[in-house]
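FYI, it's all coordinate maths here, none of it is from the lab. Bear in mind that the values here come from a model prediction, so they are computed numbers and not experimental data. Reconstructed Cβ throughout: ideal geometry from the backbone, glycine too, with neighbour counts over all protein chains shown.
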């Protein structure tokens, strides 16, 4: 089956720093794929390239097998790829419904909308309510200002926006990093529900227990490239940590070996 | 769909409520403490006195909502009055001269917006520079003269009518009201308005949400420029004389009206309703204190204190969010 989103040999250099060094990526339909890596491993750059925020110097991105070129976040959006940024990209002084539709507001039909550009505020509130209800997000009113929400609720609104408009992929950058235990749990449930709706999710996270709780596969990123893809069912948390720190290595046959041992025997 | 909101949230989303209460209190206090304040003619005069600054302040509100500031607005309006007056005196049809003056103000607004968005310069610096340049341009253009206008088109906004035979109203009031309604609609009922708030609130979030940030900011300066052009027309309606030395503190007075009206200098919060109320508060304060026999300079002190108080209230009411 063709992957929903894939990338081959992505390279991105910032001056003398190489943030991506031939990175590969593959997301299958209906899965939650966690992307893990140490600080500075280049996972942010990879994610930005996939969401259109960064244009790679070399390599190829494919959506359902077809090569694409993203010059900005709007390009990726046009392909149904939505991103929940770590700082959420919400306008705190505006209400939930307005934030959900920010940048893609809907106008009323008829002359009121065409001529006077009147927004369909009621319709947008209704749809916002429907999306949030579907995802089981509990907020009182769609006209509540985002700044009056808790951190977890804000996260939920940002996730709901991505889920509402993402038709192919939802990318989430550290969605639980700023949240407490209970709120993190809710966000993980939310990711689960998005997967249930058939939408694949790319989850960037530092939190191994969260990754192992929710992910179907784990993409391990190290020194600007993918070093392994493992399943949480067959591999332990320790193995993943070993891979991302470079203590372990995945061989071509998929077996994991200790780097120290092999180098010690003079292979390098 | 009506939904109940808590009192604190109501205040948060209706920043004009505090200023509106202050306005009512000021009117009542002056009405009770002086014999002349509640006079219908006086109240009408108060509104007329707020028209030019109020119109400038409507444009200023848009700029401040994007977390900018416009120090050149009154200077632009003055240049516009000179342009209109001199063209008319030199034989151009008054309506054409008027349109030229208003379009010129919008063009200067476009230049401001272009510098702010194109070169990413801080609005404070851009408009400070333009304040100096436009003021100098006005003086060069006027060559030490002022220009009285007699054409009825140019003075039309000062034309008075009597409602119910006693309340003196001017067309200028109607124009200001129409502008207010238009801007209120644009800011609250259209996508453009939501984008203006979002850009002022958090430009990066706005960009990531797919809003064309620079285009939005540029459009704000153009619309603000239009407001300043109309303020020029209002000024000619009040005093039919284009004077290069008029409204030297108009920029600060307009910022005062905006800030007293509850619009946040940090951007993204506020309303044109607040600005309207703010402009009225300043006019009421001036009129009331004059009638109470208080010196002009003390009126300045009172206005200044009010500005600081308004910003302090804004700062502390959002203390938790910022």
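For the range A:86-239, give me the percentage of DSSP beta bridges that are antiparallel, rounded to the nearest 5 percent. Intermediate results must be reported in sequence, preceding the final value.
Values: 7 of 11 bridges.
Counting DSSP beta bridges with both partners in the range A:86-239, the antiparallel share is about 65 percent.
Could you order the peptides A:38-49, A:107-118 from most to least packed, using the average number of other C-beta atoms within 10 Å per residue? Write down the numbers at each step before the final one.
On the way: A:38-49: 21.2, A:107-118: 13.5.
Result, highest mean first: A:38-49, A:107-118.
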Please report the spacing between the Cα centers of the range A:53-100 and the range B:168-220 in Å, no decimals.
26
Binned at 10 Å from 0, what are the whole-percent values of the Cα-Cα distance distribution for the range B:178-242, short to long?
20, 40, 24, 12, 3
Quick calc: nm separation of the 7 Å Cα→Cβ label points for residue B:167 and residue B:215 -> 4.3
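In whole Å, what three semi-axes, largest first, describe the equivalent ellipsoid of the protein assembly as shown built from its Cα gyration tensor (square root of 5 times each eigenvalue)? Display every interim value, and only then the final one.
Values: eigenvalues 670, 132, 84 Å².
So the three semi-axes of the protein assembly as shown are 58, 26, 20 Å.
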Relative intensity, log₁₀ I(q)/I(0), of the range A:90-138 from a Debye sum that treats every alpha carbon as a point, q = 0.22 Å⁻¹:
-0.80
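Cut-off is 10 Å between beta-carbons; in what order do A:204, B:21, B:69 appear when sorted fewest neighbours first?
On the way: A:204 24, B:21 11, B:69 21.
Lowest count first: B:21, B:69, A:204.
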Gaussian network model of chain B, Cα within-10 Å springs - most flexible of B:209, B:80, B:271:
B:209
Which whole number gives the average, over all residues in B:195-207, of C-beta atoms from other chains lying within 10 Å of the residue C-beta?
5
Give me the angle, in degrees from 0 to 90, between the Cα long axis of helix A:151-165 and the longest principal axis of the Cα atoms of chain A, rounded to the nearest 10.
90
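Among B:93, A:24, B:70, B:151, which comes first, then next, by fewest other beta-carbon atoms within 10 Å? Walk me through the numbers before you get to the answer.
Numbers: B:93 12, A:24 15, B:70 33, B:151 18.
Ordered by Cβ neighbours within 10 Å, fewest first: B:93, A:24, B:151, B:70.
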Once you average over the residues of A:96-107, how many Cβ atoms of partner chains fall within 10 Å of each Cβ?
4
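When the helices in chain A are scored as -39500 (n - 2.57) per DSSP H run of 4 or longer and the sum is shared across all residues, what 222 nm value do you end up with, to the nearest 500 deg cm²/dmol?
On the way: 10 runs with 90 residues, N = 268.
Dividing the helical sum by the residues of chain A leaves -9500 deg cm²/dmol.
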Measure nothing but the geometry: give the 0 to 90° angle between the long axis through the Cα atoms of A:181-196 and the longest principal axis through the Cα atoms of chain A, rounded to 10°.
90
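Using a 10 Å cut-off on Cβ atoms, rank the peptides B:45-52, B:143-150 from the highest mean neighbour count down.
Working: B:45-52: 21.4, B:143-150: 13.5.
For the peptides B:45-52, B:143-150, the packing ranking is B:45-52, B:143-150.
Average partner chain C-beta neighbours within 10 Å, per residue of A:111-119? Mind dumping the intermediate values first?
Details: counts 0, 1, 1, 0, 0, 4, 7, 4, 7.
Mean shielding count: 3.
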Sort out for me the Cα centre separation of the range A:157-187 from the range B:73-152, rounded to whole Å.
50
